[in-house]
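As structure tokens, the structure follows; a few thoughts come after it.
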Amino acid sequence: MPYKEYQPEKLYYSIGEVAELLGESTSLVRYWSDTFSRFVKPQRNKKGNRKYSPADVEELKKIHYLVKERRMTLEGAAAALGRGGRSVDNNAEIAERLRGVRESLLEISKSLSV
């Protein structure tokens, strides 16, 4: 499933918006934020709610790719992110594009079946 569209010009996203973008629960986003605090550093508002920057969202997309798509352990994903290579960025982007292509092909297939 491709990630939902988000507005990179937006300054901050709520945890609910990030969870919806990733197709995951808010508790999982919160857990990843805490576990990968070296890479994801959400700001907090006066109430203490997390506010995620577009850069945080991109890091969470990488984490999602590594943990959910590549089935890495949390330690393995942290190590991959720590190496900082472009391969994680490129692979996550390619996987996102392929999910979009797959979704488009399924829609075309459904329209041809009717």
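The values are calculated or read from the model by the stated rules, or taken from the named source; none is laboratory data. These numbers were taken from a predicted model, which means no experiment stands behind them. In this analysis, Cβ positions are derived from the backbone assuming ideal geometry, glycine residues included, and neighbour counts consider all displayed protein chains. Surface accessibility is based on the protein's heavy atoms, side chains included, excluding ligands, DNA and RNA. Shrake-Rupley method; radii C 1.70, N 1.55, O 1.52, S 1.80 Å.
Computed values, structure above
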item	result
Residue that is most open to solvent (accessible area, probe 1.4 Å) [pool: residues in the stretch 44-60 that are outside any helix (DSSP H, G or I) and in contact with a helix residue (DSSP H, G or I) (Cβ under 9 Å, 6 or more places away or on another chain)]	Asn49
Residue match in the stretch 61-72 (condition: open to solvent by 80 Å² or more (accessible area, probe 1.4 Å) and not charged (D, E, K, R))	no
When residues of the stretch 1-35 are limited to those that are aromatic (Phe, Trp, Tyr), within 25 Å of Gly100 (Cβ to Cβ) and not in a helix (DSSP H, G or I), the one modelled with the lowest pLDDT	Tyr6
Residue match in the stretch 72-81 (condition: assigned to a loop (DSSP other than H, G, I, E, B) and in contact with a helix residue (DSSP H, G or I) (Cβ under 6 Å, 6 or more places away or on another chain))	yes
